[in-house]
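Everything below concerns the one structure shown next.
The values are calculated or read from the model by the stated rules, or taken from the named source; none is laboratory data. Bear in mind the structure is a predicted one, so any value in this text is a computation, not a measurement. Here the Cβ positions follow ideal geometry from the backbone for every residue, glycine too, while neighbour counts run over all protein chains shown.
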Amino acid sequence: MARRSKIHVGIEIGTSKTCLVVGEVKPDSAIKILGIGETKSAGVRKGEIFDYAQTRACLRDALAKAEDAADVEIGSVYLAVTGSHIQGVNHRGTYRLPDGEPVVGPEHVEEARTIAREVHIPADHVYIHPIIRNYWLDGLEHSTSPVGLFGKTVEADFHVVHGIGTRIQNSIKLVREMPLEVDDIVFSPIATAQMALNREHRENGALVIDIGGGTTDYALYLGGVITASGCIPVGGDHVTNDIHLVTNLPFSKAEQLKVTEGDASGDPAKSVGTARLHDDRGFAEVEVSRAVLNETIRQRLEETLRLVLRQLPEGSIDAVGAGVFLTGGTSLMRGFDELAYQVFGRDIYRPEPPEISGIQASFRDPRYATAIGLIRYALIVEAERVSPPGFFGRIARMFWPFGN
Amino acid sequence: MISHSRANRPIVDPASVKIIGLGGAGANLLEQVALDGMDAAGLLLLNADARVLGACVVPEKIQLGESLLKGLGAGGDPELGEKALLEAEPALRRSIEGHEVVFICVGLGGGTGSGAAPAFARIAREAGAFVVVIATMPFAFEGKRRRDQADDALAKLSAHASALITFDNNRMGETVLAKQGAHDAFAATDQLIGESIRAITRIVTRPGLIHLGLDDLISALGDTASPCLFGSGIADGKDRSSVALRKAIASPLLDQGLLKEAQTVLVHACGGEDLTLLEIELLMQGLQKFVPEDAHLLFGAAIDPSLGSALSLTIISSLPDGSFLPTARELPAARELPVEKTFSEPAAKPPAQPEEAPLFAATPSIEKKAPESEIFPAPSSPAADVAEPSGFELFEPAPTTAQQTEAPPAPEPEPAAPPKRAKKPSDAEPDPQKVKLSVKATGTQSELSLDSVPRGRFEGENPNVFEGEDLDLPPFLRKKK
């Protein structure tokens, strides 16, 4: 089959920024980032859109910038969605083979998969992903489909992500209005994990936490498969808001203080004296005791991380061997790694984007982790899609003398 | 200028209201009502099972069938349930004597509930009370037999009760998120029914600017066998009327747009002293969108100073006919029967009757039913007044459980009010959190009482409650408390 470079585009409509990443997937599956279009978001709160007109304008702006930077015309995109309504649950479907059929056939596996996907979800929710974790054949784990093996009972273990249908539809509608085609929607932490974790990390067990402006998304991988995912509606906005509420400073100053002076480590040495902000025009400078500032930030972030920890299946953090990977804008907070270590007791990393070429500076920035992850997700989905060649593909191959 | 007392209306004394739980489901409901706090009404538990009686917090209890069943339940047999009740009849008569309104809460389908409720409703009617039966119908999965028993009992009840409110457990089950446990589902049901009992008592016992009486309530409840629709909401702030309406409409029993089918809708608005006519107008305009154009709107309004700047709204209605009850069509015939006569199944179904009219037109033909003003003379027994404060203390909820507070409408403190009424506000004031309102059993969590705290950029949003904590508030401030 003919192999060409393919362009994939990932969109993340975040609480603080809307960004489009245009990536080129080379025939050898290497990814090159062609361009990024980014605008400050408006009309998004806690990961969910509340003002469509504003968000539409932002998206349009980001799209124009991305097309400009990458010099391509964007037709279809992968969209990352998040919000506290989205949940991931594990569910296992069991199918007992009929008598007289000792060998597992594809239809049996399909039946088990269907059962597994039938998770009891609230009426207004829709499925976002059913992700196969692994198969079990008579109580023995199989990481690939057990078709052709002898067995009595086939089980398929799925991680099913679901969320409120109408909210997801509205996000899709927004993108369609650009007009852009939506190839697929992806739950943000799953996209982030594509970028942050390699196969080895997943095998050893890894937790990805993406702390953005309005939400904290997490995905836990154990034994190579996704085990838990979810979203907590707290992010960097909350930190700013906390500073505003505690110190009574205006938002702009609170944000500036958070970015330039805040420290989450809890190290008493960092909390000595006062933090100052100088006004551009030399007017009233802002002064806040570092102890108060840092404690406000720290308590918020510590609580958030502990909430994530509590959402994980019990004891699963002990099984995390590779460590905890922090991304998202808020992970740039000083001392955040120390805080995360205190909470999780695991190695803390900032993910290294693997084998991606292009604008180095941008994809090293944890703020783009999700959007770049989308490109990798697209690559994986695309690979799955083309791997079994269709009928015409097979015929074509018969006459194609050069192999594929 | 001559001041005119508005409070001088025939209303029911709260102390002459009695709420009676019958059977296992009734016990649960009553417990919920007791925990939520029911200002002055007396609570009475009737059960055959001695263990249930022992476990319940309600102070007044009567054991049914002491010698017949020997402290065990009726074992799902309605006949036994009825016999057990009749055995305790003298005690029951003593207990309900002098009460004007009797609420009977019962879960139909089982033995004690299905058997004893019709008999008890008859006894209560004979004692001269206005009997409101609040019945829950069994879940579909409980089987056909229980369903039949429940339908049977309901048909009998509709002959004896003055008003019958039915809640279908199947519908109630839908009000709770699928993933929540069965315990939550039952608790939510009990809470919702408890709230509706309170709302009804409130409406009939408090005088209002535009008064609603028991007659209005009866016509709002429609056909006695039809499932009840109930919703309430409370809101504060600038657009409180629209917010209260939205909350009321979002109540679990109303949120599927069922109000569109209602024929008669009772709306009761209650606000602080700053309640304006414009707000009432806005409220009713907003409500028009949710009810059919030709629906009969029964509107009541009251001023309750204890609500402060909040506005509370209660909507009560019923579906046009017993959509879930096959015997519903037989009921108009059943209703003509005098109270003393035991119910017998009509041999043939009478032709379908117009839904509303015959229903309560028929009620006066029941012998015991006297014109309303006679049943409810302006109560003035000093004994009942004395009893009131102690009732408060007993049932006042712990402040921690009060998530949303809604104070029931208190009488207006008009200077010219008769002495009996003038006394009431002082009675009502010591308990600002009299009533707990948590009918929002669906996904969204009820509001925490943290409204006074500024929330910065998240001001005015729904609280971001996660595992019981409002995440929009700084942990730095939250932990200090």
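The table that follows gives values for the structure above.
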| item | result |
| --- | --- |
| Any hit, the stretch B:110-122, residues being assigned to a loop (DSSP other than H, G, I, E, B) and among the hydrophobic types (A, V, I, L, M, F, W, C) | no |
| Tally, over the stretch A:307-330, of residues that are free of Cβ contacts under 8 Å to residues at least 12 places away in the same chain and either on the phi < 0 side of the Ramachandran plot or within 14 Å of chain B (Cβ to nearest Cβ) (or both) | 3 |
| Selection status of A:Asp263, within 24 Å of B:Asp472 (Cα to Cα), more than 14 Å from chain B (Cβ to nearest Cβ), surrounded by 10 or more Cβ atoms within 10 Å (Cβ to Cβ) and charged (D, E, K, R) | yes |
| Residue list for the stretch B:456-481, filter: farther than 15 Å from A:Arg306 by Cβ and either more than 8 Å from chain A (Cβ to nearest Cβ) or at pLDDT below 70 (or both) | B:Glu459, B:Gly460, B:Asn462, B:Pro463, B:Val465, B:Asp470, B:Lys480, B:Lys481 |
| Only listed residue being within 24 Å of the chain's Cα centre (by Cα) and of a type in the set (Asp, Glu), chosen from A:Asp237, A:Asp280 | A:Asp237 |
| Residue, farthest from the other protein chains (Cβ to nearest Cβ), within the stretch A:76-102, restricted to residues that are of a type in the set (A, V, I, L, M, F, W, C) and under 30 Å from A:Arg45 (Cα atoms) | A:Val77 |
| Residue match in the stretch A:354-374 (condition: farther than 17 Å from A:Gly212 by Cβ, surrounded by fewer than 16 Cβ atoms within 10 Å (Cβ to Cβ) and modelled with pLDDT of 80 or more) | no |
| Cβ pairs under 9 Å, 6+ apart, first in the stretch A:277-306 and more than 14 Å from A:Gly262 (Cβ to Cβ) and away from every other protein chain (no Cβ under 12 Å), second of a type in the set (Ser, Thr, Tyr) and not in a loop (DSSP other than H, G, I, E, B) | A:Glu287/A:Thr274 |
| Looking only at the stretch A:237-260, and only at residues there that are more than 12 Å from chain B (Cβ to nearest Cβ) and surrounded by 20 or more Cβ atoms within 10 Å (Cβ to Cβ), the one that is nearest to A:Val161 (Cα to Cα) | A:Lys258 |
| Output for the stretch A:304-320, where each listed residue is more than 17 Å from A:Pro366 (Cβ to Cβ) and touching a strand residue (DSSP E or B) at 6+ places or on another chain (Cβ under 8 Å) | A:Leu307, A:Gln311, A:Leu312, A:Pro313, A:Ser316, A:Ile317, A:Ala319, A:Val320 |
